[in-house]
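Peer 1: First the structure, then my questions, so here it is.
The values are calculated or read from the model by the stated rules, or taken from the named source; none is laboratory data. This one's a predicted model, so the numbers in the text were calculated from it and none came from an experiment. All Cβ positions, even for glycine, are placed from backbone atoms using ideal geometry, and neighbour counts span all protein chains on display. Calculation scope for accessible area: heavy atoms of the full protein, side chains included, ligands and nucleic acids excluded. Shrake-Rupley method; radii C 1.70, N 1.55, O 1.52, S 1.80 Å.
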Amino acid sequence: MLRKTKGLTQSDLAKKLDIVSTAVSAWERDANKPMLDKIALMADIFEVPVSYFFDAEAGPLNVIPVQPNFVKIPILGTIACGDPILADENHDGYRYEPADTLPKGNLFYLKAKGNSMEPTVPNGSYVLIREQPEVEYGEIAAVLVNGDTEMTLKRVKKQGDTILLMPDNPEHEPYIITEENPAHIIGKAVRYTQDL
């Protein structure tokens, strides 16, 4: 009702919220519920209080109120050769985080694909990365490999002059960095989150 009153299509609202239009459709069919940060954005768009989106008869909710200082962090998708890492065309959407919980620096999210870093980083989780060119021994980093066309998440270790990108899952092989097989560290993994 609010969307139609504002003359917005589901696609229009999805763009304003930086999500796919199928998510708006699912909310309106009551097949899914929006996250609290999206509810806060919609309250601003539709000029209603956040409480408008909750059923008053359901009683009080044990929800921490949304803080106004949320930061929009890009989710990095595929990387085109030569593109700046945080270029808009590389984004697969955004996640919102309270500013006071974040480290300083350029931040982005990667979605973990596969089980090479399990159990430390579960498949499908979102990993927060701080952009930096080096990491300490044993830290997990986002690393560009295969001619800077693929990004992988691995633990960086050094043995003599050899740099190894180590999976935490023993079923996977390490990736050995050589002059013929170079890699570039893009940033350090800070933490991961997972949607339920």
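Peer 1: Say we look at region 149-169 and pick out the residues that are assigned to a loop (DSSP other than H, G, I, E, B) and open to solvent by less than 50 Å² (accessible area, probe 1.4 Å); which of these is farthest from Ile185 (Cα to Cα)? Full working, then the answer.
Peer 2: Step one: filter region 149-169 for residues assigned to a loop (DSSP other than H, G, I, E, B), giving 149, 160-161, 167-169.
Then drop every residue that is not open to solvent by less than 50 Å² (accessible area, probe 1.4 Å), which leaves 167-169.
Details: Pro167: 15, Asp168: 18, Asn169: 20 Å.
Residue satisfying both the conditions and the ranking: Asn169.
Peer 1: Let me ask something else. Name the residue that is nearest to the chain's Cα centre (by Cα), counting only residues in region 130-148 that are surrounded by 13 or more Cβ atoms within 10 Å (Cβ to Cβ) and not aliphatic (A, V, I, L, M).
Peer 2: So, considering only residues that are surrounded by 13 or more Cβ atoms within 10 Å (Cβ to Cβ) and not aliphatic (A, V, I, L, M), the one nearest to the chain's Cα centre (by Cα) is Arg130.
Peer 1: Select from region 85-111 the residues that are assigned to a loop (DSSP other than H, G, I, E, B) and either open to solvent by 40 Å² or more (accessible area, probe 1.4 Å) or modelled with pLDDT under 85 (or both) and list them in ascending order.
Peer 2: Once the filter is applied, which keeps residues that are assigned to a loop (DSSP other than H, G, I, E, B) and either open to solvent by 40 Å² or more (accessible area, probe 1.4 Å) or modelled with pLDDT under 85 (or both), region 85-111 yields Ile85, Leu86, Ala87, Lys104, Gly105, Asn106.
Peer 1: OK, next. Mind counting the residues in region 11-39 that are open to solvent by less than 60 Å² (accessible area, probe 1.4 Å) and polar (S, T, N, Q)?
Peer 2: Here the count works out to 3.
Peer 1: While we're looking at this one, here's another question. Of the conditions (1) surrounded by 14 or more Cβ atoms within 10 Å (Cβ to Cβ); (2) in contact with a strand residue (DSSP E or B) (Cβ under 7 Å, 6 or more places away or on another chain); (3) modelled with pLDDT of 85 or more, Ile79 fails just one. Which one is it?
Peer 2: Looking at each condition in turn, Ile79 falls short on (3).
Peer 1: Within the bounds of region 118-129, is there any residue that is hydroxyl-bearing (Ser, Thr, Tyr), under 18 Å from Asn181 (Cβ atoms) and open to solvent by 20 Å² or more (accessible area, probe 1.4 Å)?
Peer 2: No, region 118-129 contains no residue that is hydroxyl-bearing (Ser, Thr, Tyr), under 18 Å from Asn181 (Cβ atoms) and open to solvent by 20 Å² or more (accessible area, probe 1.4 Å).
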